[in-house]
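Colleague: There's a structure below that I have some questions on.
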Amino acid sequence: MAESLADWTDGRLGIYSLAKSNLRKIFPDHWSFMLGEIALYTFVIIILTGVWLTLFFTPSMGEVVYDGTYVPLRGIPMSEAYASTIKISFDVRGGLLMRQIHHWAAIVFVASMLTHMMRVFFTGAFRKPREINWVFGALLLILGMFDGFMGYSLPDDLLSGTGIRFMEGAILAVPIVGTYLSFFLFGGEFPGTIIITRLFSVHILLIPGIMVGLLAAHLILVFYHKHTQFAGPGRTNKNVVGMPLLPVYTAKAGGFFFLVFGVVAVMSAIATVNPIWAYGPYRPDQVSTDAQPDWYMGFSEGLIRVMPGWEISVWGGHTLNLGVFIPLMVFPLVLLVIWGYPFLEAWITGDRGEHHIADRPRNAPVRTAFGAAWISLYLLLLAGGGNDLLATHFHLSINAITYAVRIGFFTVPIVVFVITKRWCLGLQRRDKEKVLHGRETGVINRLQHGEFVEVHAPLPPGRLFTLTAHDQPRPSELPPEVDENGVARKAGLWTRLRVKLSRGFYGRDSQIAKPTVEEREEISSGHGHH
């Protein structure tokens, strides 16, 4: 019966030829590739638990008086959204665990997406032909961030209501149209009566639908372009060394999914996240202390907190709130800087070739230093968003923390960039020494004239190949000042800028020259160090 069904399906969809060409497709194996799998599996967990939660949640801001089983809240007016979330937490069997799994999975989802994106960034896996997939991944990350923000805003508790108030303040800071946008979003004066209903529709339908489409396109492109692999014997830009999709990779991926689900479930069972019953229902005239968003939106909070409260009056008395508007403009720039980097690198280097071998981060010092600087800025702003918690927990002055973050915003990324670049160059030098002299054995010999030297063992061929497989492009050069006819040819501003940046990427100060064959032969013949 199964064979007949398969034949019937094949006659209409051609599944046999499709399966024959794809199920034995080879995928490379490396632990860092699991980061993307964690993002995929937690997204599935979010969808499964989210569908379950929608069966019990009431997305309404209609006011009710609580009379449920949680005694401390009895007799308190609250929205139906908050009351239904309390009911899920205390009256629905398994409801609190489902809420916890949903929330923890969302946190891990964004964390794994960001970490996966950094893996792709540091290994140069974004280069041709994968630029479009990099854009898809960036869109998935920002959609996940905003969908997470909307998700923890739905219970209408005091903490999430403070977050929505934060969003309203940012909208109002937009010149000219801010008030109109706020009235449109909230259906009138804040908080209105429809914002939870609108967020619910966007949270469960619009953004997840777009994300499913982007995720499908992302995986199709991974399948089509073939997966990147790290340098090693037998690995080139024209092949893939690894295991077949079926049965090896499929079995490993299936087991890993249940492992991820189990870890998230254990985290949810033992670590409380978002205890809305402790915050109480949202009231516009109240705000809880140490109010913090989930970590992935913390850098936006940091931008607001460390920005001076500047205001200017323009156009005959209209107030422009720069203390909120400038962070609102910087917020997308922090993300766009890292997302647009691949296109900047391609323009600077003029690289048009395909790349299927991943870089070791040390072999691209400028790129690695840039990524480390971006991460340092992100973490610094995250600390700025929790300046009150840092002040209370470590007994520090909140003003001192704020000023430190303000100064660090301009200085820390530069310092981290310089240190990381020098670190990468140091690792390159160490690799060069290993190639030329071999690895240290710890065996000390004394020569006839009394000198003590350490014996070095030659590296195996596979290791030598890995350490020397990377390309070292030369920096771009300005075109000749005159063409073949002797006519003066002046290079444009963009050309001069590109050449200058190219020298910064590939100049003497940005890479250590790989050992040449002559150098290795000289060492091996005994003319070098022991």
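Colleague: Return the residues of segment 467-508 that are modelled with pLDDT of 85 or more and among the acidic types (D, E); say none if nothing qualifies.
Modeller: D471
Colleague: Do you know which residues across segment 443-457 are over 41 Å from the mean Cα position of the chain (by Cα) and without any contact (Cβ under 8 Å) to a residue 24 or more places away in the chain?
Modeller: V443, I444, R446, L447, Q448, H449, G450, E451, F452
Colleague: Given (1) closer than 30 Å to P327 by Cα; (2) without any contact (Cβ under 8 Å) to a residue 40 or more places away in the chain, where does P460 come up short, assuming only one miss?
Modeller: If we test P460 against (1) closer than 30 Å to P327 by Cα; (2) without any contact (Cβ under 8 Å) to a residue 40 or more places away in the chain, just (1) comes out false.
Colleague: Any chance segment 357-373 includes a residue that's within 30 Å of K514 (Cβ to Cβ), β-branched (V, I, T) and either part of a helix (DSSP H, G or I) or modelled with pLDDT of 95 or more (or both)?
Modeller: Taking every residue of segment 357-373 in turn, at least one turns out to be within 30 Å of K514 (Cβ to Cβ), β-branched (V, I, T) and either part of a helix (DSSP H, G or I) or modelled with pLDDT of 95 or more (or both).
Colleague: Check whether at least one residue in segment 311-320 is within 25 Å of M113 (Cβ to Cβ), modelled with pLDDT of 85 or more and open to solvent by 30 Å² or more (accessible area, probe 1.4 Å), and report yes or no.
Modeller: No; the residues of segment 311-320 include none that is within 25 Å of M113 (Cβ to Cβ), modelled with pLDDT of 85 or more and open to solvent by 30 Å² or more (accessible area, probe 1.4 Å).
Colleague: With (1) open to solvent by 30 Å² or more (accessible area, probe 1.4 Å); (2) out of contact with any Leu (no Cβ under 6 Å at 6 or more places or on another chain); (3) at pLDDT 95 or above; (4) among the β-branched types (V, I, T) as the list, and T115 as the residue in question, which single condition is left unmet?
Modeller: In the conditions (1) open to solvent by 30 Å² or more (accessible area, probe 1.4 Å); (2) out of contact with any Leu (no Cβ under 6 Å at 6 or more places or on another chain); (3) at pLDDT 95 or above; (4) among the β-branched types (V, I, T), T115 misses (2) alone.
Colleague: Also: Please specify each residue of segment 384-404 satisfying the condition of being assigned to a helix (DSSP H, G or I), open to solvent by 40 Å² or more (accessible area, probe 1.4 Å) and either touching a helix residue (DSSP H, G or I) at 6+ places or on another chain (Cβ under 8 Å) or aliphatic (A, V, I, L, M) (or both).
Modeller: L389, L390, I398, A400, A404
Colleague: OK, next. Would you tally the residues in segment 187-201 being in a helix (DSSP H, G or I) and charged (D, E, K, R)?
Modeller: The number of residues fulfilling the criteria is 1.
Colleague: Could you tell me which residue of segment 32-80 is surrounded by the fewest Cβ atoms within 10 Å (Cβ to Cβ), considering only residues that are more than 21 Å from D147 (Cβ to Cβ) and acidic (D, E)?
Modeller: D67
Colleague: Something else: Hey, does segment 437-458 have a residue that's more than 30 Å from R235 (Cβ to Cβ) and of a type in the set (D, E)?
Modeller: Yes.
Colleague: Now for a separate question. Could you list, in sequence order, the residues of segment 220-272 that are in a loop (DSSP other than H, G, I, E, B), within 30 Å of F90 (Cα to Cα) and open to solvent by 70 Å² or more (accessible area, probe 1.4 Å)?
Modeller: T272
Colleague: If a residue must be among the aliphatic types (A, V, I, L, M) and more than 19 Å from the chain's Cα centre (by Cα), how many such residues does segment 368-419 contain?
Modeller: The number of residues fulfilling the criteria is 15.
Colleague: Give the number of residues within segment 278-303 that are part of a loop (DSSP other than H, G, I, E, B) and either within 30 Å of F410 (Cβ to Cβ) or in contact (Cβ under 8 Å) with a residue 40 or more places away in the chain (or both).
Modeller: 13
Colleague: While we're on this one: What is the one condition in (1) over 44 Å from the mean Cα position of the chain (by Cα); (2) free of Cβ contacts under 8 Å to residues at least 24 places away in the same chain that P479 does not satisfy?
Modeller: In the conditions (1) over 44 Å from the mean Cα position of the chain (by Cα); (2) free of Cβ contacts under 8 Å to residues at least 24 places away in the same chain, P479 misses (1) alone.
Colleague: How do the pairs read when you match residues in segment 41-59 that are of a type in the set (F, W, Y) with residues anywhere that are open to solvent by less than 20 Å² (accessible area, probe 1.4 Å) and in a loop (DSSP other than H, G, I, E, B), using Cβ under 9 Å and keeping only pairs 6 or more apart or on different chains?
Modeller: Listed by first residue and then by second, the contacts come to F57/L154; F57/P155.
Colleague: Please state which of the following conditions F149 fails to meet, knowing it meets all the rest: (1) open to solvent by less than 20 Å² (accessible area, probe 1.4 Å); (2) under 25 Å from I338 (Cα atoms).
Modeller: F149 satisfies every listed condition except (1).
Colleague: Another question, if that's okay. Suppose we keep only residues that are open to solvent by less than 20 Å² (accessible area, probe 1.4 Å) and assigned to a helix (DSSP H, G or I) within segment 171-186. Which one would you say is farthest from N274 (Cα to Cα)?
Modeller: Per the criteria, the residue is G178.
Colleague: Looking at the structure I just gave you, is P275 touching a residue at least 24 places away in the same chain (Cβ under 8 Å) and loosely packed, with under 14 Cβ neighbours inside 10 Å?
Modeller: No, not satisfied.
The values are calculated or read from the model by the stated rules, or taken from the named source; none is laboratory data. Computed from a prediction, not measured in an experiment: that's the story for all the values here. When we count neighbours, we look across all protein chains shown, and the Cβ atoms used for this are built from the backbone with ideal geometry, even at glycine. Ligands, DNA and RNA are stripped out before the accessible areas are found, and what is left, the full protein with its side chains, is counted by its heavy atoms. Shrake-Rupley method; radii C 1.70, N 1.55, O 1.52, S 1.80 Å.
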